[in-house]
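Okay, structure first, notes after.
The values are calculated or read from the model by the stated rules, or taken from the named source; none is laboratory data. It should be emphasised that the depicted structure is a prediction, and the values quoted were computed from it without experimental measurement. For neighbour counting, all protein chains shown are included, and Cβ atoms are generated from backbone atoms with ideal geometry for every residue, glycine included. The accessibility values were calculated without ligands, DNA or RNA, using every heavy atom of the protein model including side chains. Shrake-Rupley method; radii C 1.70, N 1.55, O 1.52, S 1.80 Å.
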Amino acid sequence: MLEVRHLNAFYGPVQVLHDVSLSVAAGEIVALVGANAAGKSTLMFTLAGLRTTHTGEILLDGVAIDPFAAYERPSRGLVLVPERRRLFPFMNVLENLEVGAYCPAARSVARKTLDEVFELLPVLAERRKQVAGSMSGGEQQMLAIGRALMAKPRVLLLDEPTEGLAPIYVKLLFDLIVNLRVKGLTVLIVEQNVHHVLHTADRAYVLENGHIVMEGKGSALLNDERLKTAYLGL
Amino acid sequence: MSTLGQLVISGILIGGIYALMSIGLTLIFGVLRIVNFAHGEFLMVAMYGAWAITRLLGLNPYVAAVAIVPAMFLFGAIVYRMIINPALDKPHLVVVFATMALSIFMQNVALMMMTADLMDVPPIFGRSITIGPIYIKVELLLGFIITILCTVALQWMIKTTYLGKAIRATVQDGEAAMLMGIPVPRIFLITFAGGSALVGLAACVMMPLFSVFPTVGLNFVLIAFVIVVLGGMGSIEGALLGGICVGVVQSLSSYYVAPAFGQMFFFVLFLFVMIFRPNGLLGQKGAATIGMNE
Ligand SMILES: Nc1ncnc2c1ncn2[C@@H]1O[C@H](COP(=O)(O)OP(=O)(O)OP(=O)(O)O)[C@@H](O)[C@H]1O
Ligand SMILES: [Mg+2]
């Protein structure tokens, strides 16, 4: 469904990603793990069409999405929930969700999607009039995901969704991700919470200094000695 | 007493018209965070347009708005495409100099085409309305009402429509807005063109009250800058309040001191506000933008 081939990404002259290739099949949950500054967020932003210049190919259902600007990608089915949530802080929950459904196709079914999102994330329904900036970290993360779902993505990119969350929210969030997969969504997730994410994901890639150094089934990587010492701190 | 009342009322009404002329500037600043130094020349061009329609077609400036407002929207869109957009990702001074150059260019083209003569339109309403001892010029009252309607409509648009929400989202987090599928470059274009259209409307409202000449923009843009900063840059209600303050101060000081000092007094007022409320009357600290509040 999502395929990345020989991707090199640059901030100006500085190359951060080197020959990255990966694929995510329809309905799969794929994790991307790696140390700080490995280039995980860079990869996510590059897929979403922001910040970097790149060479190589990004294909969605076999079609190159490189020619499309960042704001054209949600309507093609690819939506990123960026690092640190990035809500619209002075807008309320409902407005944030409405903005999520900005692209025409999503807007025409926004009302129905809204009901689905409220059903999936009841906390948002209770707080629909609350200003986003005044919500707790966990609630904000739920809103960030809800807002992305409003765009009706087929592939959801999540960048560190559990960052700074209380354990109860971490569990809620992983349940939610499994739930989304059941609904047919394809997910690529970046996580520091390696243990948790490898249990949930079907497959995982390990990124180190901008190179993919390992790939495999989530459960297999969990038992990998090299990964254990490098990232799990065991 | 009735003199004072007369001065205050006239000041409020003219202040409303000043506000209308400033809203476009504050809107553009609030969303794009750029100052259009050719704002006064946009007003000048639109005033010539309203003048031409009135003189050549025998219509009046209010009717001319039907053509001038969309024409200025288009003009704004073209200026955005050709001058503003290419300068946006360059250092901030580039936009400053680019719009200043545009301002001088427009003045000179106007001078060539229209000469330096003052042009005006014939009076539209024969006489003033009187309420007790107070005279109210119909053109002023009409302009004030149009300003209020415009402010309310604009606020409603920003608060409730999809476009308005997209504008607020863009201001609050441009990158996140793009990730949600909002075409931010397009939002900028619409805002710049919309701000220009508002100047066009202001020009039509002002044409019955003022003469037009190639450098007329300079007089008014100074007032507009004061109003925008007074009101809190990017605040639409602030522009209305700022406009009224400037209008009243100018009206009172012109009468009680001397017309020549009118401008001096509102700059003094301006200095005081800047000292005691550096973010403007309604501006929020660090939020010099549209929609940066609930
Ligand atoms: N806008 C930028 N300009 C230049 N370099 C950048 C920029 N953003 C990130 N980098 C650099 O790119 C490298 C990768 O950063 P990135 O944010 O992708 O890492 P990450 O794997 O997401 O790290 P973390 O786990 O801390 O989120 C870092 O060395 C960082 O300094
Ligand atoms: Mg990161």
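Put +1 on the Cβ of every Lys and Arg and -1 on every Asp and Glu Cβ in the range A:118-186; which of A:157, A:137, A:168 then has its Cα farthest towards the positive end of the dipole?
Looking along the dipole axis, the top candidate is A:157.
Using Cα pairs under 8 angstrom and six or more residues apart, how large is the relative contact order of the range B:2-290, in percent?
About 38 percent, as a whole number.
Can you give the relative contact order of the range A:33-107 as a percent, counting alpha carbon pairs under 8 Å and 6+ residues apart?
24 percent
Quick one: which residues, 5 or more positions from residue A:92 or on another chain, have an amide H under 5 Å from its amide H? H modelled 1.01 Å from N in the peptide plane, none for Pro or chain starts.
The answer is A:132.
Please turn the phi angles of the range A:94-100 into ³J(HN,Hα) values with the Karplus equation 6.51 cos²θ - 1.76 cosθ + 1.60 (θ = phi - 60°), one per residue in order, whole Hz, x for glycine and proline.
Those phi angles translate into 4, 5, 4, 5, 4, 5, x Hz.
Using the Cα centre as the reference, give the magnitude of the dipole from point charges on the C-beta atoms of the range B:2-290 (Lys, Arg: +1; Asp, Glu: -1; all else neutral), rounded to the nearest 20 debye.
So the dipole magnitude of the range B:2-290 works out to roughly 360 debye.
Please give the per residue accessible area of the range A:1-98, computed with a probe of 1.4 Å over protein heavy atoms only, in Å².
36 Å²
Are there trypsin sites (Lys or Arg not before Pro) in the range A:131-227 that DSSP puts in a loop and that have at most 12 other Cβ atoms within 10 Å, and which ones?
The qualifying sites are A:183.
With n ≥ 4 as the cut-off for DSSP H runs, can you work out [θ] at 222 nm for chain A, using -39500 (n - 2.57) per run divided by the number of residues, rounded to the nearest 500?
Mean residue ellipticity at 222 nm (helix-derived): -9500 deg cm²/dmol.
Within a Cβ distance under 15 Å of residue A:140, other residues only, what is the Lys/Arg minus Asp/Glu net charge?
Around residue A:140, the charge tally is -2.
Restricting the count to DSSP beta bridges whose residues both fall in the protein assembly as shown, what percent are antiparallel, rounded to a multiple of 5?
Given both bridge residues lie in the protein assembly as shown, the antiparallel proportion sits at roughly 60 percent.
Comparing the chain by itself with all protein chains present, which residues of the range B:172-202 are at least 30 Å² less accessible (probe 1.4 Å)?
At a threshold of 30 Å² (probe 1.4 Å), the residues of the range B:172-202 that become less exposed are B:172, B:173, B:175, B:176, B:178, B:179, B:180, B:181, B:182, B:183.
How many nm is it between the label spots at residue A:18 and residue B:128, if each spot is 7 Å from the Cα in line with the beta carbon?
Each label point lies 7 Å from its Cα, and together they span 8.1 nm.
Need the per-residue list for the range A:88-102: every residue with at least 40 Å² less accessible surface in the complex of protein chains than in the chain by itself, probe 1.4 Å, sorted by number.
By number: A:88, A:90, A:91, A:95, A:98, A:99, A:102.
Just need the Rg to Rh number for the range B:2-290, please, alpha carbons only, Kirkwood Rh.
Taking Rg over the Kirkwood Rh, I get 0.97.
If Lys and Arg each add +1 and Asp and Glu each add -1, what is the summed charge of the other residues whose beta carbon sits under 12 Å from the beta carbon of residue A:174?
Its environment carries a net charge of 0.
Hey, rough spin-label estimate for residue B:267 and residue A:136, points 7 angstrom out along Cα→Cβ, what's it come to in nanometres?
According to this spin-label approximation, the distance is 5.6 nm.
Once Lys and Arg get +1 and Asp and Glu get -1 on their Cβ, which of B:183, B:83, B:36 lies farthest toward the positive end of the dipole of the protein assembly as shown?
The residue sitting farthest along the positive end of the dipole is B:36.
Rounded to the nearest 500, what is the 222 nm mean residue ellipticity of chain B from helices alone, with -39500 (n - 2.57) per DSSP H run of 4+ residues and division by all residues?
Value at 222 nm, helices only: -24000 deg cm²/dmol.
In the calculated pair distance distribution of the range B:215-267, what percentage of Cα-Cα distances lie above 16 Å?
41 percent
If you take the charge dipole of the range B:1-155 about its Cα centre, with +1 on Lys and Arg Cβ and -1 on Asp and Glu Cβ, which of B:63, B:15, B:27 is farthest toward its positive end?
Positive-end residue among those listed: B:27.
Within 13 Å, Cβ to Cβ, of residue B:178, how many net charges do the neighbouring residues add up to if Lys/Arg are +1 and Asp/Glu are -1?
+1
In whole Hz, what ³J(HN,Hα) sequence does the range B:217-228 give by Karplus (6.51, -1.76, 1.60; θ = phi - 60°), x for Gly and Pro?
Karplus-based 3J(HN,Hα) across the range B:217-228 equals x, 4, 4, 7, 5, 5, 4, 4, 4, 4, 4, 5 Hz.
Using modelled amide H (1.01 Å from N, peptide plane; none on Pro or chain starts), what sits under 5 Å from the amide H of residue A:214, excluding residues fewer than 5 places away?
When sequence neighbours closer than 5 places are left aside, the close amide H contacts are A:206.
Roughly what would the spin-label model give for residue A:168 and residue B:276, points 7 Å off Cα along C-beta, in nm?
In this crude spin-label approximation the distance works out to 4.9 nm.
In the range A:105-234, carbon and sulfur make up what percent of the accessible area (probe 1.4 Å)?
Heavy-atom surface of the range A:105-234 belonging to carbon and sulfur, 1.4 Å probe: 52 percent.
How far is helix A:137-149 tilted, in degrees, relative to the longest principal axis of the Cα atoms in chain A, given as a value from 0 to 90 rounded to the nearest 10?
That helix lies at roughly 90 degrees to the long axis.
Taking trypsin sites (Lys or Arg not before Pro) that fall in a DSSP loop and have at most 11 other Cβ atoms within 10 Å as cut points, what is the longest piece of chain B between them?
B:128-284
Please average, across the residues of B:163-171, the number of beta carbons from any other chain that are within 10 Å of each residue's own beta carbon, and give a whole number.
Going residue by residue through B:163-171 and averaging, the value is 3.
Over all pairs of distinct alpha carbons, what does the Kirkwood formula give as the hydrodynamic radius of the protein assembly as shown, in Å?
Mean inverse Cα-Cα distance, inverted, gives 25.8 Å.
How large is ³J(HN,Hα) for each residue in the range B:61-71, as worked out from phi by the Karplus curve 6.51 cos²θ - 1.76 cosθ + 1.60 (θ = phi - 60°), to whole Hz, x for Gly and Pro?
Values per residue, Gly and Pro as x: x, 5, 5, 4, 4, 4, 8, 5, 4, x, 5 Hz.
At most 16 other Cβ atoms within 10 Å and a DSSP loop assignment: could you name the GluC sites (Glu not before Pro) in the range A:78-120 that fit?
Filter output for the range A:78-120: A:83.
Rounded to the nearest whole Å², what accessible area per residue is found for chain B with the 1.4 Å probe?
For chain B, the solvent-accessible area averages 43 Å² per residue.
Taking only C-alpha pairs under 8 Å that are 6+ residues apart, what is the relative contact order of chain A in percent?
It rounds to 27 percent for chain A.
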